[in-house]
Number of protein chains: 4
Amino acid sequence: MTQARGIRVLVWGENHHEKHDEVPRRLYPDSMHETIAAGLRSLLGPDIVVDTATLDDPEHGLSAERLEQTDVLFWWGHVRHDAVDDAVVERVHRAVLAGMGLVVLHSGHFSKIFIRLMGTTCSLRWRQGDDRELVWTVSPTHPIAAGVPHPIVIPAQEMYGEFFDVPAPDELVFVSSFSGGEVFRSGMTFSRGRGRIFYFSPGDQDYPVYHQPEIQRVLANAAGWAFQDRPRDLPHLAMHRTGEFDTPREWNGEALA
Amino acid sequence: MTQARGIRVLVWGENHHEKHDEVPRRLYPDSMHETIAAGLRSLLGPDIVVDTATLDDPEHGLSAERLEQTDVLFWWGHVRHDAVDDAVVERVHRAVLAGMGLVVLHSGHFSKIFIRLMGTTCSLRWRQGDDRELVWTVSPTHPIAAGVPHPIVIPAQEMYGEFFDVPAPDELVFVSSFSGGEVFRSGMTFSRGRGRIFYFSPGDQDYPVYHQPEIQRVLANAAGWAFQDRPRDLPHLAMHRTGEFDTPREWNGEALA
Amino acid sequence: MTQARGIRVLVWGENHHEKHDEVPRRLYPDSMHETIAAGLRSLLGPDIVVDTATLDDPEHGLSAERLEQTDVLFWWGHVRHDAVDDAVVERVHRAVLAGMGLVVLHSGHFSKIFIRLMGTTCSLRWRQGDDRELVWTVSPTHPIAAGVPHPIVIPAQEMYGEFFDVPAPDELVFVSSFSGGEVFRSGMTFSRGRGRIFYFSPGDQDYPVYHQPEIQRVLANAAGWAFQDRPRDLPHLAMHRTGEFDTPREWNGEALA
Amino acid sequence: MTQARGIRVLVWGENHHEKHDEVPRRLYPDSMHETIAAGLRSLLGPDIVVDTATLDDPEHGLSAERLEQTDVLFWWGHVRHDAVDDAVVERVHRAVLAGMGLVVLHSGHFSKIFIRLMGTTCSLRWRQGDDRELVWTVSPTHPIAAGVPHPIVIPAQEMYGEFFDVPAPDELVFVSSFSGGEVFRSGMTFSRGRGRIFYFSPGDQDYPVYHQPEIQRVLANAAGWAFQDRPRDLPHLAMHRTGEFDTPREWNGEALA
C-alpha cells in the first residue's frame, strides 16, 4: 500500500479537432489531452506525474524509451486512427501485454490499439444529438467508482449505444443511459497479458465533459487502478522441466521429501 | 442435442393481485401464472410440458415429489413473500443446487428463495410511473436472446433501477433503460451448485407485459437454457482417496504405468 | 429447442505431422482431423454433418462459400501456423465475429486466428514428458461438461501449464492437472462479436487423446454449444435516429403516448 | 492513492485446535490467529492496525461497535462452525454487505457466514494425506498476486479439490494442484453488496502454512485489496422520483435544458 513514487501517466491526444474545428477549440483551448492531464494532476497531486504526447510528435511521442517510463497511458483519438503508425501500435500493444496500464477514452474504441487488444470490431450505435447521459455505477466496490456520484449527470453528450462489440469485460463498472433511450456499458475493465485496461466512453470533442469534476475523478481513479508497480514482463512461451519448483523445505523440524 | 422429452416447467404464482386488485384482474383474467404458462406452451409446443402452482396450494404446490418432476421452476411473487414457508424455501433451494432450473421474475427479486441464493439484499431503485422500458441485448450470442428484437419496447412499466444488489452475474444478457433515465441489468444468469438461474425483471401486475410476444420469447428461451437433462445431484463433501481416478489404460498398444 | 437441421461442422487440420512423423502416423492413420470428425459423427449422428479441410487444400479449404455453410469450425494446427494465409485468417475472423462457432484445439493456441481473437500472446508453459493429465469440471452446469467423467483421465499427454496468456474466459469449464504438478485452464469459452469460441487443450499429435470417448464427448458437446441457428451478421457501426424503436402500442385498451 | 490511516484488520480465530490438539499447539504456539496477525503486521507495518478475536470472547469478539471499527475481517474456523451465534452471523453479514472486507481462510469454507454469502453448499473434495500443494497465479495483474512466486510451493498440506460448490468468482486469482492430482480454485474474489470478499484455501491447523512468507504476502495483499475507505452503507430499497438527478448545468456558456 505504501507507494514510493508517483504514477507516471502519459496522456496521448490525436490533437486534430482542437486545431481544426471551432467548437472543440473553444471548449478545450488548451487541447483535450492537456485538459485531461490537468485534471489528473489537480486530483492526485504528488501521487502522479503526468506528461502528454500527440500524433504529430516524432513516433507520435511513443518511443520505446517513453513507453518504458510510462505506467499508465491514456488514449484519445477519433478521426485520425489510420494515421497511427502500425509499428507504434505494435509497440504499445507489447507494452500493455508486459504490464503498462491503458485507459481508452470515448472514440478511442475505434483506435488500432483497442481493436487489436479486443479482437472484435469494437463497433457500436451512435447519434450526435445532445442527449443527456447518466452514468450509473453497477459495481460499487470497484476502486474506479470511489467517490463518484450515482449517477454522474452529463448534460449533453454524443450518444453511444449497444450493442458495443467488445468481449465481456472482466468487470462492468458503469452503465449509461441516454435521453433517446439507449444504454451503453460505459466503464469496463479488461486484463490482457500483464496489463490492465479501462475503457470509459464519456468525453467528446464537442462537449465539455472533461471539465466535469466527476469525470476527472473517474479518470484519476482509473490511473490508480491501472497502475502496477512491477517490472515489465511480456508473457512468453516457457519450457518447464519437471520438478524445478519442487525445492525441498522444512516442515515441523524435519526435511520433507 | 436430440431431446427425448419435453421440458417439464412449473410456473409458480403468488396469485394475490389477480384476486384482490382491479387492474391485475382486468389485465390477467386467467391470472399471471396461467398467462405465462400459456405463452410457454404456444411457443414451445411439444418441447415443453407446463403446469402451474400457487401460494394457496398445499405446500404452496411445491411438494418434494413435484419438485423432483420439475426441470425448470418459474417464480412470480410480490406482496406475500413472507407467507412462503421456510421449509418450502429450503426444499426449493436444495432442488436448485441439485440441478433444477429457476427463472425468477420481476418482484421475485425480494423472494426468500432468490435472496437466499444470491446472499445479498437484492434491493434496488424503483418508481411506479408508467415509464417506457427498452430492453437491450448486450450478449447477442446468448441463447436466451435468440430471436429477440433489439430493443424490446415495453410501452409502460414499473421502473427498476441500479444499484441492484446482486452478485455480478455469470452472464449479463439484457440491460434496460427507463424514460426517467435509469438503467437496470434486466436479464442475468447465475449458476449455483448444479442449477441454472435466470433473473428477468420485465413483468408487473399493473402492466400487460406478459402478453407481449417478445417477452414470451425470452421466457421460452430461458426455459430451454435453464433445463439440464441430468440426474439431480446435490453437491456434497466428498472424501477422496489417492489414486481412485488413476485407472490404468492402454496407450499405443502398451499398458501405461 | 426443436432443431430442424444438422449442425454443419468443418474440422480443419494442418495435416503435417500425419504425413511426416512416425508416431502421429501410427496413432492417427486416418489423420487427426478425420479421427476428430469420425468421433463427432458417431456421437451426434443425424444431428451433425461433418466435413474436413486441410492446409494443403486450395484456400486451405476455407473459401468464403464454405465458411458461409459452416456452423462450427474446429481448428487443429501446430508447426505450420505461419503457412496459413493472412487473407484466410481475416475471412475466418469475420465469420466468427458474424456468428460462426469456433473450437480451437491444443496447439491451436498459437494459431493466427486464435491470437487475433484473443488480442494477447497466447503463450504458456509446456513440457513433453508423458505426464498424466486429469481434466476436472469446475462448471458442472455447463452443457460442454454434460456426460463427462470427473475427472477425465488422460494417461499420457504433453504438459500445458499456467500462466496461459489469454483474456479471462466468459466461463471456465475445465481445469487440468499434470503429473509434474502444473495446472492449466484446459476448457474455456469466449464470445467475440456474434460468435462463440471454445478452447480445449487436450489433444496432441504424439498421444492418442482424440481416440478417447470422453474427449470425443467434450468435442461433440462443444459443437452443440457453439452452434447458433441465426443469420450471420457482422457487428457494424450503426447510426441511430431518435425514436426509431419507439413504436406506439396499445396498453389496457388504449393507445399509449 | 494517498492513504491517510492504517487498515484496521480483525483476525478472527475459532481457537479450538490450538487449545486441544497437539500438532496445532506445536506448530502455532501463539495460536493461528496471532500468527496470521503477526504476519500482517510485519509486512504492512504502519499501513495496518491488527487486532484479534476468538469464539470464546463475549459475542465472539464481534460486537456491533467492533465491526464498525473493522475494515477487513479475517475468518478462520473449522470444527466449531455451529457454535457461532446466528445473531453474530447476521451482524457480520450486514457489515460485509455494507462495505466491510472479508477474507475467508481454508476450512472457513463451511462457516455460516461464507455459506450465507455464497448461497451454495460450499462443499468440496478433501483428503488429509500430506500432499504437496502448488499455488499457481492465473490472474497476474491482480493486486493479491503481487510479489507472489509462481507457483507458491507448500510442502505438505491437506488436499481440497474440485468441484468446490461456490458461485463463479468475480476473479479467479489462484489455482492449486495437489500431489494426488486434484486441482482447486484456491484464491477467488467475490463482491457482495458493497463489500469485497477473498477466499484463500491454503492453511490448516496441522501444517505450518501460515508461517510461510509467501502465504503471509498473499494475506497482506488481500487486506489491501478488500479495504475500502468509504462510509458503510447497506444497500436498501430506494424510492426514486423522476428527474431528481437532473440538475441543470452550464454548457458552452449557456444553460442547458
Determine whether the range C:17-32 contains at least one residue that is under 27 Å from C:Arg232 (Cβ atoms) and open to solvent by less than 70 Å² (accessible area, probe 1.4 Å). no
Can you tell me which residue is farthest from the chain's Cα centre (by Cα) among those in the range C:231-257 that are open to solvent by 80 Å² or more (accessible area, probe 1.4 Å), modelled with pLDDT of 70 or more and within 14 Å of chain A (Cβ to nearest Cβ)? C:Arg241
Checking C:Val79 against (1) part of a loop (DSSP other than H, G, I, E, B); (2) in contact with a Lys or Arg (Cβ under 9 Å, 6 or more places away or on another chain), which test does it fail? (2)
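Per-residue answers, yes or no, for (1) at pLDDT 95 or above; (2) over 13 Å from the mean Cα position of the chain (by Cα); (3) away from chain A (no Cβ under 12 Å):
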| residue | (1), (2), (3) |
| --- | --- |
| C:His106 | yes, no, yes |
| C:His109 | yes, no, no |
| C:Leu117 | yes, no, no |
| C:Thr120 | yes, yes, no |
| C:Ser123 | yes, yes, no |
Filter the range C:162-171 down to the residues that are under 23 Å from B:Glu171 (Cα atoms), in contact with a strand residue (DSSP E or B) (Cβ under 8 Å, 6 or more places away or on another chain) and either surrounded by fewer than 24 Cβ atoms within 10 Å (Cβ to Cβ) or within 7 Å of chain A (Cβ to nearest Cβ) (or both) and list them by number. C:Phe164, C:Pro167, C:Ala168, C:Pro169, C:Asp170, C:Glu171
A:Arg185 within 14 Å of the chain's Cα centre (by Cα) and open to solvent by 10 Å² or more (accessible area, probe 1.4 Å): no
Looking at B:Phe174, B:Phe178, which is the one that is at the interface with chain D (Cβ under 10 Å from one of its Cβ atoms) and closer than 15 Å to B:Gly203 by Cβ? B:Phe178
In the range A:220-230, which residue that is assigned to a helix (DSSP H, G or I) and over 18 Å from A:Met118 (Cα atoms) is farthest from the other protein chains (Cβ to nearest Cβ)? A:Ala222
Residue in the range B:82-92 that is at pLDDT 95 or above, crowded, with 24+ Cβ neighbours inside 10 Å, assigned to a helix (DSSP H, G or I) and not hydroxyl-bearing (Ser, Thr, Tyr) present: yes
Do any helices (runs of 4 or more DSSP H) lying entirely in the range D:1-72 carry at least 1 residues that are farther than 14 Å from D:Leu105 by Cβ and within 20 Å of the chain's Cα centre (by Cα), and which ones are they? D:32-44, D:64-68
Scanning the range B:65-74 residue by residue, those over 11 Å from B:Arg232 (Cα atoms) and open to solvent by 10 Å² or more (accessible area, probe 1.4 Å) turn out to be B:Glu65, B:Arg66
Going by what's in this entry, would C:Ala87 be described as of a type in the set (A, V, I, L, M), within 12 Å of another protein chain (Cβ to nearest Cβ) and out of contact with any helix residue (DSSP H, G or I) (no Cβ under 8 Å at 6 or more places or on another chain)? no
Condition check for A:Pro46: modelled with pLDDT under 95 and surrounded by fewer than 22 Cβ atoms within 10 Å (Cβ to Cβ): yes
If C:Arg217 meets every condition in (1) more than 14 Å from chain A (Cβ to nearest Cβ); (2) buried (at least 21 other Cβ atoms within 10 Å of the Cβ); (3) at pLDDT 95 or above apart from one, which number is that one? (2)
List the number of the failed condition for C:Pro149; all other conditions in (1) over 20 Å from B:Asp170 (Cα atoms); (2) surrounded by fewer than 22 Cβ atoms within 10 Å (Cβ to Cβ); (3) within 12 Å of chain A (Cβ to nearest Cβ) hold. (3)
Residues of the range A:181-198 satisfying the condition of being within 14 Å of chain B (Cβ to nearest Cβ) and touching a residue at least 60 places away in the same chain (Cβ under 8 Å): A:Phe184
Mind checking which residues of the range D:6-49 are closer than 30 Å to A:Leu43 by Cα and touching a residue at least 40 places away in the same chain (Cβ under 8 Å)? D:Gly6, D:Ile7, D:Arg8, D:Val9, D:Leu43, D:Leu44, D:Pro46, D:Asp47, D:Ile48, D:Val49
Conditions (1) facing another protein chain (nearest Cβ under 7 Å); (2) touching a strand residue (DSSP E or B) at 6+ places or on another chain (Cβ under 6 Å); (3) crowded, with 22+ Cβ neighbours inside 10 Å; number of the one not met by B:Pro140: (2)
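The values are calculated or read from the model by the stated rules, or taken from the named source; none is laboratory data. Bear in mind the structure is a predicted one, so any value in this text is a computation, not a measurement. Please note: Cβ atoms are built from the backbone with ideal geometry, for glycine as well, and neighbour counts cover all protein chains shown. Calculation scope for accessible area: heavy atoms of the full protein, side chains included, ligands and nucleic acids excluded. Shrake-Rupley method; radii C 1.70, N 1.55, O 1.52, S 1.80 Å.
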